[in-house]
Every structure is written in structure tokens, then in C-alpha cells.
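These notes concern the structure reproduced below.
Coordinate-derived values only; no laboratory data. Model, not experiment: these values are computed from the prediction. Backbone-built Cβ (ideal geometry, glycine too); neighbour counts: all protein chains shown.
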């Protein structure tokens, strides 16, 4: 087929371009970045992946999820556990990280599938509340899960440490204490690669028969059924992909810290990611990326406001929602932004 | 104005009427005593209808007679509480809406249901999904299967759009189209599923007379090109009487008359249903 | 006898959830929005009452009334400033705004009242009734909580059924456009709904902190989420559903804590919610609306 760049393709390439440019720029400027900002590079990548993956559920599939941090949690705990368990088997850190990411994504994908079975039967706000419920359940489980490893393999127990590890064994997940002593093997480059892979997966999925079907279901599920689409199948495909990507983000995020606890991935984290998606625009991946990066850095930049920074954050959030949804302002803005976007993409 | 074409309806073994040319073939659709009740209310009952393989049939009746409900029963949006639907000889009782479509029924909607945020071309291509084979991974990794099938789908979509001369609109957003174009796109989308029976729910609603005349020609053209059966609900009597070969009249959920346009126009029960009872002088 | 004790504390906790859930359900019914800031109005109510009683030595009842007044005004103000401009906006935008309001209230509380936990003095004292030779104890707070819940339910049922404003509320929740055409002032009705919901939130806050006396700026979050769950559980938009959902949720939570595990009680509560929604997709008393084709 002739390479015809339609509007979507152009926008997708612009997004890849922005991400690569940002990476290159940050690599060049690395010396002059403040240490706090440097420390945020990996979390920014993780949140960007979270935002893109949630946008697949919210923007493309059109279902509100309030428990996306749950999948991040599954990815973080399983991925890190795998990396720790494989510490002696795979000495090369990048390879171990890659395996950890794959394991995190796989388990989060499985969790997404299991949760998707009941969740995708519901719709609207009921679906949203059930995802919230699953997020809380996942948090409770990891808060009470003990996993150890010894020469007999993995040992699991719930509520209290009953693992009875043999000599030389090691407790990996310690209930509410989470996982400690993690080797911080996540790097900005790994984060960048994960963001790029995520973008490729999401863009190519959206621009294939599956993506068309998923968006068709979002736009009108009755019409979608009437043209023979298997609604549940496609909804599940989007949901599981979204969950798996969130799992990888979770592993990346967790491998950037020496300890990780289940409470990090609570309702507030789910909401935080949802804010990225809504501010960036539903279905707009570049918007999600920018919003995730900006809003992760923003509280840091507001450090001068000290105590007031979260208050300022809240006010900014409300004002942005009010102005972006104001009809008069919106038409005023669109006059500029449309032209600019065309230029940018060309 | 389109010229009126006359078709002779002949009885087939089950005493139902189909056009003469379809008589040796199995009918595409047979409804036997079809009905549904919501709570105690019988919205449709005792609905018997047979449609020949290449017939253009009409379903008419006053507002609220249950015409769209019949479409919803045929496409399994509602599960019938009584009776049987045989689609090309297959009982659709256990099929879902999607399965019914994959077995041959495609439809349009009275209140247009397009995929508003997709382009015109995507609206058509998504309807070909059942005929596409490449899987999710081929899509993500852009394997040869993806390019091959997408190319075929693209060309087929433009070909189908050309029926209504809509190729130029291929990249427009479906929701931004004018009303008439949206109705036509719904028909194209339904055709893209490769149906053997096309259900059109008020295809001419909101169209002006010249648009309606063009639509009539196109409905006939669709039947001739694709050799499929078409069942349409329509209030425009000119259109119905001109292109339908068999007509069924529904009132209060029951069929009150069936036959050729001439039969229907002369039927006193039909006149009564539409105009009310003639006052005894 | 321990079973009965658990049951009573479950009903008591459930009554608080029910009162909060009423706020959620009424607002959802009329504005079709998930008001995530509702939980934080509870916290504000509790703080107002706390300061009124412990700093300004007002009688407890006056403290409660003051808290209700402040919360009512707060609720109406939030609606006017943050939600009303978004009446036509997509529901997600409204949801994010509600979350913004929630952060705003929490952080304002943090600045005004610091993160140090306040020990909330029970507004009805710490007395209790002992029965069966001390085997069954019911605290005064429990009795007042359950009584308050019953009174509020009866009053609301009467209000929505018999008053002009109540009927207007029901009309608006059915169809805002039609209600407006019938001469109902939709904006005033929505404002009134927020006022009532927020006033109830203040009562819930005082009762919650009387039973569980630690007060911090995030006190309202978890009970807010649970009450929201309760509202969905019973069928969001339905007033009896909020009562039923709240009571069941409270009882399940206490029983899960007592008989299964304290740490996993939240997981049990949410698991029950999921099961209920799978069986009854619109909640226990909710009406399933089918899309017309």
C-alpha cells in the first residue's frame, strides 16, 4: 500500500517524535538537572505508561476505571518478586529488569482478565465502582501477603508470616511492610524504551481491526453487535492490554525504589492517573504523556509554596477543568490550537 | 419518478407468498407465529412472514404498531417470547445479535446509530470484521496479514461507498455528516457485513422527494447487484408501493394484511387502520 | 450474645454509612454525578463541631447545628462554584472536578487544623446501657446514631413524597429538561439537594467521630468511599436503597472484622459489593434502565 499519511498517522508520528526528542534532550541536559528532578525521571516514565494504558480503557474503550493502580500494584509486586528471585540466575541487570517487566505485565494481564470477566458485564458508573472495589481488594491482599523463597521454591501465606522458610531462605514480600532491599535497576533509558513500546502497542492496536472494533463498541454498542462484533471479546482485549501495560509500569516504578508497599498503589494513585488522562484528553495519547509528565513535576516545582502546594494543585485542577469545559473559552482556544497542531504534525 | 415494477407473488408450500422467481429456492426468512410480550403487554404476536431470496418486502403500519419491535426480534436485540425465526432454514433461537448478523441479517436503525467518532471509511471497515482473519498480534506488529487484509478492506469500503457516491467522504468523521448521508452510510455499513437479508428501518425518513427517489433506485440497485433480500419499514407510501414486491401491514402488533402493493392498497382493513373506520351514513 | 453485640455495632456503623450514602444517592439521582468531595464535607462537619464544643464550649447540640449550617453553606457553595458551570460538560470532567474539590477541602483542613489527630469528644457522652448482666452493652452513641438514621430516613421519605421541593427533586432526577418545561427551577432544586446532602454529611461526621473519635483531615475519605459503595450496593439514586446498602455494608464490615480478619474486612466488603452487582447489576433496589433501540 502507498504510504499515505492521514491525520491519525501524522499525529502518532508526532507523538513518537515528541517522546524521542524529550528523551534526547533530557539525556543531553542530564548534568544540569537538579537531583530531585533526576530522581523523578523513572517515575515520570512509569506514570506516562500508566496514563497511556488507562487512556486505552477510558478514551478508546470508553469505560471509566477507578482501580488502575491495582494493576500497577500487581505488576510491581510480581515483577519485583521475579527480579529478586532471579537475582542469581540472571546477573545482568537490564535483562533482569526486562524479565521483571514481562512478568509484571503478564501477571497484571492475568489479573485484568480475571477482573474483566465480572467487570465488563457491567456498564457506566457501576463498572467504575467495581474497578474501585477491585483496586481496594488488590491493595488489601498485598498488604497481607507474605512470600518467601528458599531451596524448596516459593512459599506463600496470608495474614501473617507462616512461610517457615528453610535455612538460607529469604522473605520477599512482608505483608504491610511490602518488599524491602530492592536493587534499583530501573533506568531512564529503560523507562523511555517502555514508553515507546507502550505507544507502539497502543497506536498499532488502535489502528487495526481490533481498535476499530473497540472504538465502535464505545461509540454505539448496539450497532456494534448488529454488525457482528463480539463485544465482550474486544472489550476484554482492550482491558487486558491496558492492565498488562499498567503492570509493566508498576514493575518499572517499583524497581526505582529500595522498598515498595501496597499502600502506594491506592485509590488516590488510580485517581491521579485518571486526572492525567482527563486533562490530556480522552483518546489523546500525546496529551496523556504531557499531562503525566507535567503533573508529576508540578508538585516538585511548587515546593516553594511548601505547605500550600497540594492546595495549589487542587485549585489548578479545578480551574483547568472549569476553563477547558467552558464553551466560550473552548472555541477561543480551538482557533489557535488546531492550526498549531497541524503545523507541528507537518 | 421511478417506474413501478410489478411482481407476481406465488404461494410456496407453507402457503406464504414469495416472488415467482424465488419460488424454487428456500426462503431467506421465515417467521412462524413470532411474538413478544413485555410484562403482560403483547407488543407483537402471531407474526408470520416469509421473504424470498431476492425479494424487496415492506413492513408498514401506523406508529406504535410494533414494526421496529419486529426488527429487534429478528436481530435478537429482543429475545422472542413466542414463535420461531428461520434464517435461511436455521433457527435463530439461540443466537445472539452478533451471531444473527454473521449468519446473514444486517440492519439499519430508525434513530441513526453510527460510530460517530470514527471516519466514514472506518465505519464501513469495522463492519467487515467478521470477514477479517489477522489477529491482535499481527495488528500490533504490522505483520503481512495486516497489510494484505487492510488493503482489501480499504478497497472494498470505497467500492461500497461508491454505491451512494460517498467515496469522497471516506475520511470525514461520521458524526459530522449531514442527516441524509448518515442514513446512507448506515446502509453501506450494513452491506459491508455481507448480508443475505438487509433490514432498513425508515431509510427515507427526513429525506426530500429527490433524495427519496434516488434512494429507491439505490435500494433496487443493491438488491440487483448483491442478489439479497431487503425488508424495509417505511412511512413514505410512494416508496413502499413503488419498490416493494410483498407488503405486510402491522397494526397493534398483529399482521392485518399481506400481499402485493395492489392488494394492500385495496384492502379495507388497511384503509381502516390508517384512516379510521368509515362513518356509517 | 457476642453475635448480638456485633450486630448492633454493625447496624450503628451501617446507620452512619446510610446517612452519608443518602447524600451520594440524592446528588447522583439529580445531578448524575459522583460527588467524590462528599466524604470531605463529613470531615469539615466533624471539625466544626469539634471546635465549637471543645474550644468555644458550646453545648453539643449547638455544635451539631453549627456544623450542619456550615456544611450546608459549603455544599451549596461548592455546587455553585465548581459543579454548576459544568452542568453540560462530560461526566468525567465533573468527576475530576469533584476530586479536585476533595483535595481542596482536605488540604485546606490540613492548613487550618494541622494533621495532628484531634480526639473527638462524643456529643452524647460515653454512657452505655448494659443488659443481660453486662453481656450486652449498647453505648448511647449507638442508640443516638440508629435513632438519627431512622428519623432522617422518615423525614426524607416524607419530604420527597409530600413537599413541593421534594416532588421537584424527584421530577428533576427523572428528566431535567421536562422538569424545566413544567416550570420547576432546576438550578434551585439541585442547589437544595446539595444543601440537604451536605447537612446530612455534617450529622454523619459528628456521629462517625463520636463512635470512632480520631479526627484528621482525611477522616472522611474512607467512610466516603464506603458510603458511596453502600449507595451503589442499594441501587444508586434510591433513598431506601441507600438505607439498605448502608446497613448491610456496616453489618458485613463488622462481621468480617469479627469472624474473618480485621485486615481483610475491606476486601470482604468490596467482594460482597462485586457479587451483588453481578447478580443485580443496578444494585439491590435500583431500577435497570434498558436503552431503547
Practice prompt. May I ask for log10 I(q)/I(0) of chain A at q = 0.10, 0.14, 0.15 Å⁻¹, from a Debye sum over the Cα atoms as equal point scatterers with solvent left out?
Written response: -0.63, -1.21, -1.35
Item to complete: Would you kindly calculate the translational diffusion coefficient of the range A:174-221, applying Stokes-Einstein with the Kirkwood radius from alpha carbon pairs, for 37 °C and a viscosity of 0.692 mPa s, and quote it in µm² s⁻¹ without decimals?
Response: 235
Discussion item. Over the Cα atoms, compute the radius of gyration (one decimal) and Dmax (the largest Cα-Cα distance, rounded to a whole number) for the range B:135-281, in Å.
Written reply: 20.1, 79
Worksheet, complete the sentence: Applying the gyration tensor rule to the Cα atoms of the range B:10-127 (axes a ≥ b ≥ c; rounded if a/c under 1.5, else prolate if a/b exceeds b/c, else oblate), the class is oblate
Item to complete: Identify which of A:281, A:31, A:112 has the largest mean-square fluctuation in a Gaussian network model of chain A, with springs joining Cα atoms closer than 10 Å.
Response: A:31
Fill in: the range B:218-281 and the range C:218-293: distance between their alpha carbon centers, rounded to Å
53
Worksheet entry | Efficiency of FRET from Cβ geometry, residue C:278 and residue A:16, R₀ 41 Å, rounded to 0.05 | 0.50
Discussion item. Need the C-alpha centroid separation for the range A:255-306 versus the range C:1-60, integer Å.
Written reply: 30
Worksheet entry | Binned Cα-Cα distance frequencies in the range B:200-255 - 10 Å width, integer % | 20, 56, 21, 3
Worksheet item: Taking a ≥ b ≥ c as the square roots of the eigenvalues of the Cα gyration tensor of the range C:133-190, is the shape rounded (a/c under 1.5), prolate (a/b larger than b/c) or oblate?
Response: prolate
Worksheet item: Counting only other chains, what is the mean number of Cβ atoms within 10 angstrom of the Cβ of each residue in peptide C:205-211?
Response: 0
Worksheet item: Once the Cα atoms of helix B:144-161 and of chain B are each reduced to a long axis, what angle between those two axes, in degrees from 0 to 90 to the nearest 10, is obtained?
Response: 40
Worksheet item: Just how far, in whole angstrom, is the range A:182-239 from the range B:89-152 if you go by their alpha carbon centroids?
Response: 17
Discussion item. Taking 20 °C and 1.002 mPa s as the conditions, I'd like the Stokes-Einstein D for the protein assembly as shown in µm²/s, using the Kirkwood hydrodynamic radius from alpha carbon pairs.
Written reply: 69
Fill in: Residue-averaged beta-carbon neighbours from other chains (10 angstrom radius) around A:119-125
4
Worksheet item: Which value in deg cm²/dmol, rounded to the nearest 500, describes the helix-derived mean residue ellipticity at 222 nm for chain A, given -39,500 (n - 2.57) per DSSP H run of n ≥ 4 and division by the residue count?
Response: -22500 deg cm²/dmol
Discussion item. Running a GNM on chain B with Cα contacts under 10 Å, which residue among B:41, B:185, B:239 ends up with the highest mean-square fluctuation?
Written reply: B:41
Fill in: Peptide ranges A:97-107, B:162-172, A:238-248 listed from the most packed, as the mean C-beta count within 10 angstrom indicates
A:238-248, A:97-107, B:162-172
Worksheet, complete the sentence: The helix A:327-345 Cα axis meets the longest alpha-carbon principal axis of chain A at an angle in degrees, between 0 and 90 and rounded to 10, of 80
Item to complete: Go ahead and run the numbers for FRET between residue B:151 and residue B:266, Cβ-Cβ distance against an R0 of 41 Å, rounding to 0.05.
Response: 0.15
Worksheet entry | Relative exposure of A:146, A:16, C:103, judged by other C-beta atoms within 10 Å (fewest first) | A:16, A:146, C:103
Worksheet item: Could you put B:69, A:187 in order, starting from the residue whose Cβ has the fewest other Cβ atoms within 10 Å?
Response: A:187, B:69
Fill in: Crossing angle, helix C:265-279 versus chain C [Cα axis fit, 0-90 degrees, rounded to tens]
40
Worksheet item: Across all directions of projection, what mean area in square nanometres is found for the Cα convex hull of the range C:46-170?
Response: 11.6
Worksheet item: If you wrap chain C's Cα atoms in a convex hull and average its projection over all directions, what's the area in nm²?
Response: 16.6
Practice prompt. Divide by every residue of chain B the summed helix terms, -39500 (n - 2.57) for each DSSP H run of at least 4, and state the resulting mean residue ellipticity at 222 nm, rounded to the nearest 500 deg cm²/dmol.
Written response: -10000 deg cm²/dmol
Response to the item:
Rounded to 0.05, the calculated FRET efficiency for the beta carbons of residue A:150 and residue C:135 at R₀ = 51 Å is 0.60
Worksheet item: Hey, what's the Kirkwood Rh for the range A:190-324 if you take every pair of different alpha carbons, in angstrom?
Response: 17.3
Item to complete: Assign one of three labels to the range C:14-62, namely rounded, prolate or oblate, based on the Cα gyration tensor with a ≥ b ≥ c the square roots of its eigenvalues; rounded applies when a/c is under 1.5, prolate when it is not and a/b is larger than b/c, and oblate otherwise.
Response: prolate
Item to complete: For residue A:170 and residue A:87, calculate 0.36 nm times their separation in residues minus their Cα-Cα distance, and state this gained length in nm to one decimal.
Response: 28.7 nm
Fill in: Listed residues A:195, A:297, A:42, most fluctuating in chain A (Gaussian network, C-alpha, under 10 Å)
A:297
Worksheet item: Which whole number gives the average count of other chain Cβ atoms within 10 Å of the Cβ atoms across peptide C:80-92?
Response: 3
Practice prompt. Would you mind computing the Rg to Rh ratio of chain B from its alpha-carbon coordinates, Kirkwood style for Rh?
Written response: 0.99
Item to complete: Using only alpha carbon positions, build the gyration tensor of the range B:114-181, then give the equivalent ellipsoid semi-axes as the square roots of 5 times its eigenvalues, largest first, whole angstrom.
Response: 24, 13, 9
